[in-house]
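So the structure is just underneath, and the comments pick up after that.
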Amino acid sequence: MTEVWTIQRLLLWTSDFFERRGIDSPRLTAELLLAHALGMERVRLYIEFDRPLEESERARFRDLVRRRAAGEPTYYLTGRRSFFGRVFQVDERVLVPRPETEHLVDAALVLLGDRDDERRVLDLCAGSGCVGLTILAEHPNACLCATDLSPDALDVARDNARALGLTERVEFLQGDLFGPVAGRRFDLVASNPPYVPRGEIANLAPEVRREPAMALDGGEDGLDLIRTIVAGAPEFLEPGGAICLEIGEGQGAALLEMLRAAGFTGTKIERDLAGLERVAVGRLPE
Ligand SMILES: C[S@@+](CC[C@H](N)C(=O)[O-])C[C@H]1O[C@@H](n2cnc3c(N)ncnc32)[C@H](O)[C@@H]1O
């Protein structure tokens, strides 16, 4: 008798297949793709573990498994990624929000504090909008200006603002770094800019290399954009205004030097859960 393809059996087979193909987090990937193919939340797979699947459902799933094995990023296939407890729409126009970027949001919220006057936030290199929009959602007195060089990325960020019901407090501007906000001042500059050294991009996992090159390439030492942001930020910040930037491991010492040279005080580098240098912060004198 042929065995029935239940959710449980399909998950076992697929995680084994992904493992043999060297796919990251094989079980989680199988669950995310199957839940997406069935149009259900992942937890529901466990509630319906013994449910046999129809041929049309299996065909949808097979297509996703094939594309994942061929290198398409999991979250482009599902079109959504959780970040700081909210779901963001993602596709090949934007970098997939990373869990470690939640540290940047944590740092931004600490820097903003709980003052009840309006706090103007500039998210440079906004991509999907996950950083700036999360700050908005978490801070009732924040208003956001989100900029990106890529008009396509800003379209995704706009869709995310709409889906999260945040459009009233956000403005999207396309252009190079501070270009679109000439003459304006903010209370906080938050940014997760491209910071991968150009020579390391070829060694990144294949699915990461499917993400927009413009979201990754930080020039020869990875610090091209960061240098411009740190040096330029004081002109766009109020006295007492703050900056927080996501950085990569090994970039902390250079950041501390840049921040001090630009006049920031209280500078520090925060590490992520893996113990890696992840966020650089500083504040201008009042
Ligand atoms: C690392 S991604 C970060 C996206 C999002 N903030 C996040 O944390 O997931 C960097 C973003 O910077 C944008 N970018 C690259 N060069 C830029 C520039 N010169 N000016 C403005 N944005 C730029 C890219 O289009 C990309 O969306």
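The values are calculated or read from the model by the stated rules, or taken from the named source; none is laboratory data. These numbers come from a predicted model, not from an experiment. Glycine also receives a Cβ, built like all others from the backbone with ideal geometry; neighbour counts cover every protein chain displayed.
Could you say whether any residue in the range 174-197 is in a helix (DSSP H, G or I), more than 13 Å from the ligand (Cβ to nearest atom) and over 15 Å from the mean Cα position of the chain (by Cα)? No - not one qualifying residue is present in the range 174-197. Every condition in (1) on the phi > 0 side of the Ramachandran plot; (2) more than 15 Å from the chain's Cα centre (by Cα); (3) near the ligand (Cβ under 10 Å from one of its atoms) holds for G129 except the one numbered (2). Considering each of R260, R227, R278 in turn, give the residue that is in a strand (DSSP E or B), assigned by TED's automatic domain parsing to the domain that holds R115 and not acidic (D, E). Of the residues listed, the single one that is in a strand (DSSP E or B), assigned by TED's automatic domain parsing to the domain that holds R115 and not acidic (D, E) is R278. Only one entry of A126, A146, A233, A157 meets the criterion of being crowded, with 22+ Cβ neighbours inside 10 Å, without any contact (Cβ under 8 Å) to a residue 40 or more places away in the chain and in contact with a strand residue (DSSP E or B) (Cβ under 7 Å, 6 or more places away or on another chain), and that entry is A146. In the set (1) surrounded by 15 or more Cβ atoms within 10 Å (Cβ to Cβ); (2) within 14 Å of the ligand (Cβ to nearest atom), I243 fails one condition alone, (2).
For the range 262-286, which residues satisfy the criterion of being without any contact (Cβ under 8 Å) to a residue 12 or more places away in the chain and surrounded by fewer than 13 Cβ atoms within 10 Å (Cβ to Cβ)?
Pass one, the range 262-286, residues without any contact (Cβ under 8 Å) to a residue 12 or more places away in the chain: 271, 275.
Across the range 262-286, the qualifying residue is only G275.
Taking each residue of the range 70-93 that is over 21 Å from E138 (Cα atoms) and hydroxyl-bearing (S, T, Y) and looking for partners that are assigned to a loop (DSSP other than H, G, I, E, B) and at pLDDT 95 or above with beta-carbon atoms closer than 8 Å, six or more apart or interchain, yields Y75/V90; Y75/V96; Y76/V90; Y76/D91; Y76/E92; Y76/V96.
Out of the residues in the range 89-100 that are more than 8 Å from the ligand (Cβ to nearest atom) and touching a Phe, Trp or Tyr at 6+ places or on another chain (Cβ under 9 Å), which is farthest from I135 (Cα to Cα)? I'd like the intermediate steps shown before the answer.
Taking the range 89-100 and keeping what is more than 8 Å from the ligand (Cβ to nearest atom), we get 89-93, 99-100.
Next cut, touching a Phe, Trp or Tyr at 6+ places or on another chain (Cβ under 9 Å) only: 90-92, 99.
On the way: V90: 18, D91: 22, E92: 24, P99: 15 Å.
Within the range 89-100, the match that is farthest from I135 (Cα to Cα) is E92.
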